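K.L.:
Take this structure, written in structure tokens, and hold onto it; I'll ask about it next.
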Amino acid sequence: MVFKKLLGALGVGGPTVDTVLSTPVVRPGGSLQGQVHLVGGTQDAEITGITLTLVGRVEVEHEEGEHTGLSAFARFAVSAPFRLAAGEQRSVPFSVTVPYETPITSFAGWQLPGMAVGVRTELEISGARDKSDADPLGVAPLPVQQRVLDAFTALGFRLHSADLEAGHIRDSAQRLPFYQEIEFAAAPQYAGVCKAVELTFLTGETGTEVVLEFDKRGGDVIHRHRLEHTAGDQDLTAVLEGWLQQVAAGYGAHGHGGHGGHGHDGGHGHGGHGFGSAAAGAAAGLVGGLVLGEVAEELFEDFFEG
């Protein structure tokens, strides 16, 4: 009996957990649904809870360089404590609402390069090693986000990259410990306006703030625009052309490094995103959320690299 308890504490012969998402693709602010399938081990187990955690692969810059880790940005308790009998099969359904700032992973049927978002399921077992499961999660854009992205492609801008940057956009209502950047290379006809543009959505219940960083000779230019979810299905190509004309006319917030007060507290070094003294603050803000090291990387390696 003592030997069995020791094996159970080490996770040998314990329950197994497998999460199946009925909504493998969601939209920001949408419902994530599925079931957690459990199979009891060789002995009864006291389950103290089941937790779902949304994670994203985030880049963090510091004085020594840059590293990538997993940042947890939402947690959901989906079960009260219960006893799982030996060999028992049980399914726990769940339905949770993902944050509106959840980064998108694809648009127009294309996976955004560099993006990885997933769901980690943790089965908390009293007196034994917890068990976990990891699943990739696709995030499609909301209609207003889709129209902005369509406008860029309609004007000939070419999708270059996407990533999640640790830090906070100043003077914004950002809630997550990171922000998403989607970079487009400028179309030839706009080469005189900018070389590239980085797009960030800060989305809430009523609409989204569109933050644009234009890479211009002599300094980056920041533009911010508000679009409501109720704006209809209008083509935003003409709207984007107007924003580009403003940039060409020299209107906007200029700056290097910190964008003259309109930039990001933390971020990457290219394109004017200076990290500087904000590095420690941005990293500290992810304590409890950023999971680093070999264990985390191995746990999510399969779907992040896939």
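K.L.:
Which fully enclosed strands (runs of 3 or more DSSP E) of the range 46-113 have 1 or more residues being without any contact (Cβ under 8 Å) to a residue 40 or more places away in the chain? Outline the logic, then answer.
P.N.:
Numbers: elements: 65-79, 82-84, 89-97.
Strands (runs of 3 or more DSSP E) meeting the threshold: 65-79, 82-84.
K.L.:
For the subset of the range 114-139 comprising residues that are hydrophobic (A, V, I, L, M, F, W, C) and part of a strand (DSSP E or B), which member is surrounded by the fewest Cβ atoms within 10 Å (Cβ to Cβ)?
P.N.:
Our first condition is that a residue be hydrophobic (A, V, I, L, M, F, W, C); within the range 114-139, this holds for 115-117, 119, 123, 125, 128, 134, 137, 139.
Among the residues that remain, those that are also part of a strand (DSSP E or B) are: 117, 119, 123, 125, 134, 139.
On the way: VAL117: 23, VAL119: 24, LEU123: 25, ILE125: 22, ALA134: 19, VAL139: 24.
Per the criteria, the residue is ALA134.
K.L.:
Of all residues being farther than 29 Å from SER71 by Cβ and modelled with pLDDT of 95 or more in the range 1-40, which is surrounded by the fewest Cβ atoms within 10 Å (Cβ to Cβ)? Just the residue, please.
P.N.:
In this case the residue turns out to be VAL39.
K.L.:
Anything in the range 205-224 that is surrounded by fewer than 16 Cβ atoms within 10 Å (Cβ to Cβ) and under 23 Å from ALA173 (Cβ atoms)? List them, or say none.
P.N.:
GLU205, THR206 - these are the residues of the range 205-224 that are surrounded by fewer than 16 Cβ atoms within 10 Å (Cβ to Cβ) and under 23 Å from ALA173 (Cβ atoms).
K.L.:
Does the range 166-182 hold any residues that are crowded, with 19+ Cβ neighbours inside 10 Å and more than 20 Å from LEU142 (Cβ to Cβ), and which are they? Please lay out each step first, then the result.
P.N.:
Looking only at the range 166-182, we keep the residues that are crowded, with 19+ Cβ neighbours inside 10 Å, and these are 166-169, 174, 176-182.
Hits for the range 166-182 are ALA166, GLY167, HIS168, PRO177.
The values are calculated or read from the model by the stated rules, or taken from the named source; none is laboratory data. Being a predicted model, the structure only gives us computed values, none of them experimental. Heads up, the Cβs are rebuilt from the backbone with ideal geometry, glycines too, and the neighbour counts pull from every protein chain shown.
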